[in-house]
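The structure under discussion appears below in the form of structure tokens.
The values are calculated or read from the model by the stated rules, or taken from the named source; none is laboratory data. Just so you know, these numbers come straight off a predicted model, no measurement behind them. Backbone-built Cβ (ideal geometry, glycine too); neighbour counts: all protein chains shown.
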């Protein structure tokens, strides 16, 4: 009985210790583990905030099967950089709804953060940000992708985004003639 | 830049198109020509409403100013092949343009509409147009 009681206490102590942990462990689709500050994760991701509040965080690594290790590493890196760059008080006052929030230009560090990413890494990261409900990261990555269209013709945009042209030649010609002013190369 | 190995998830397309620069409205038209689903996103009323909210109102496309006694000029301020040029307003619907173009002077503007008056020194066709 004495031993059992000891085990029970140890279990209780472990649970308290877990609740007190200030990091959460996330597991990528390919099984790699990443630690991120609980506070930053809860503040920057609505999905992780929900999981933390609902107690569905697994201390051996919360499975994020939709996110590969490279994208998850970037997510964690972003959370850590974000946590260090902005004081919490400023963040609380700026917590506004994403759908109606006007655009806020990326800050210098955010610009550098996405600029160093390869094309594929950027596309994976935007999907991870979307999946995790990370409004600001989605904002910054989508902004970067929209910048990739700058000054490009529809053909060049299709090439960058791997999109198949489903217009007929006649349809394209008709619209082009109507809107000739919009095309730099005409 | 190398082509993307993966294509974008559909629900991210509008998030990206929403962020095209408001000072280059032609970029929205070029995007509409990429494929039909992009055109569908861009022409959706809900998307247009979000676009205005996102960029805090519609972009300033240009200025209308009475630069001479005879006609108002539209001076584009956005990125476009017309940037740096001026347009003198004249009736577009006139099937037989007169030898001397009829100028319009801008009198007033309200809610995106402009009240124009024919050149007071002109000899033909006097009146107002909205």
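List of remarks:
- Candidates in segment A:139-159 are the residues that are in contact (Cβ under 8 Å) with a residue 24 or more places away in the chain and at the interface with chain B (Cβ under 7 Å from one of its Cβ atoms); of these, the one that is surrounded by the fewest Cβ atoms within 10 Å (Cβ to Cβ) is A:153.
- Checking each residue in segment A:160-170 for being surrounded by fewer than 20 Cβ atoms within 10 Å (Cβ to Cβ), within 9 Å of another protein chain (Cβ to nearest Cβ) and assigned to a helix (DSSP H, G or I) picks out only A:160.
- Filter result (at pLDDT below 90 and within 7 Å of chain A (Cβ to nearest Cβ)) within segment B:13-29: B:26, B:27, B:29
- Against the criterion of being at pLDDT below 70 and under 16 Å from the mean Cα position of the chain (by Cα), residue A:98 qualifies.
- Only one of B:40, B:55 that is modelled with pLDDT of 75 or more, over 14 Å from the mean Cα position of the chain (by Cα) and surrounded by fewer than 17 Cβ atoms within 10 Å (Cβ to Cβ): B:40
One line per residue, one yes/no per condition, for (1) modelled with pLDDT under 90; (2) farther than 24 Å from residue A:126 by Cα:
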| site | (1), (2) |
| --- | --- |
| A:8 | yes, yes |
| A:78 | no, no |
| A:84 | yes, no |
| A:111 | no, no |
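- Any hit, segment B:67-81, residues being under 23 Å from residue A:154 (Cα atoms), modelled with pLDDT under 90, facing chain A (nearest Cβ under 8 Å) and not in a loop (DSSP other than H, G, I, E, B): no
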